[in-house]
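What follows is a set of notes on a single structure, which appears directly below.
The values are calculated or read from the model by the stated rules, or taken from the named source; none is laboratory data. Fair warning: this is a prediction, and the values are worked out from it, not measured in the lab. Using ideal geometry, Cβ is built from the backbone for each residue, glycine included, and neighbour counts are taken over all protein chains shown.
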């Protein structure tokens with residue numbers, strides 16, 4: 001190897017400036033369900049349980065991440081039938097409201 005001032009070609013070529021990608025603006029008002037009458041989706045048994053138990057999990061947990069503590073508490077729970085029943089009722093509510101919404105708006109969507 002020579003100790004001269006030869007710099008390898010890969011180091012001597014100037015870098016090309018990065019090309020800017022086109023930014024697609026997402027409006028907060030433009031959503032799939034832009035209609036205010038659109039029914040809220042059905043909640044799962046876990047989400048119903050989590051909403052009801054959030055404060056007790058927060059108080060009794062040493063874990064900083066609330067969702068991590070909730071995950072462990074949900075796994076320990078043996079009888080989930082109460083929340084599964086509520087989730088079933090919420091799903092029926094959602095289906096009923098969707099049928100009403102679709103008949104009102106003449107939409108054939110889900």
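Please determine, by comparing only the residues of the stretch 58-70 that are under 21 Å from the mean Cα position of the chain (by Cα) and surrounded by 15 or more Cβ atoms within 10 Å (Cβ to Cβ), which one is nearest to residue 45 (Cα to Cα).
70
Can you tell me which residue among 72, 101 is in a helix (DSSP H, G or I) and touching a residue at least 12 places away in the same chain (Cβ under 8 Å)?
Every option except 101 fails the conditions.
Tell me whether the stretch 36-57 contains one or more residues that are part of a loop (DSSP other than H, G, I, E, B), over 30 Å from residue 82 (Cβ atoms) and at pLDDT below 75.
No, that holds for no residue.
Run residue 106 past the list (1) on the phi > 0 side of the Ramachandran plot; (2) in contact with a helix residue (DSSP H, G or I) (Cβ under 7 Å, 6 or more places away or on another chain) and report the number of the one that doesn't hold.
(2)
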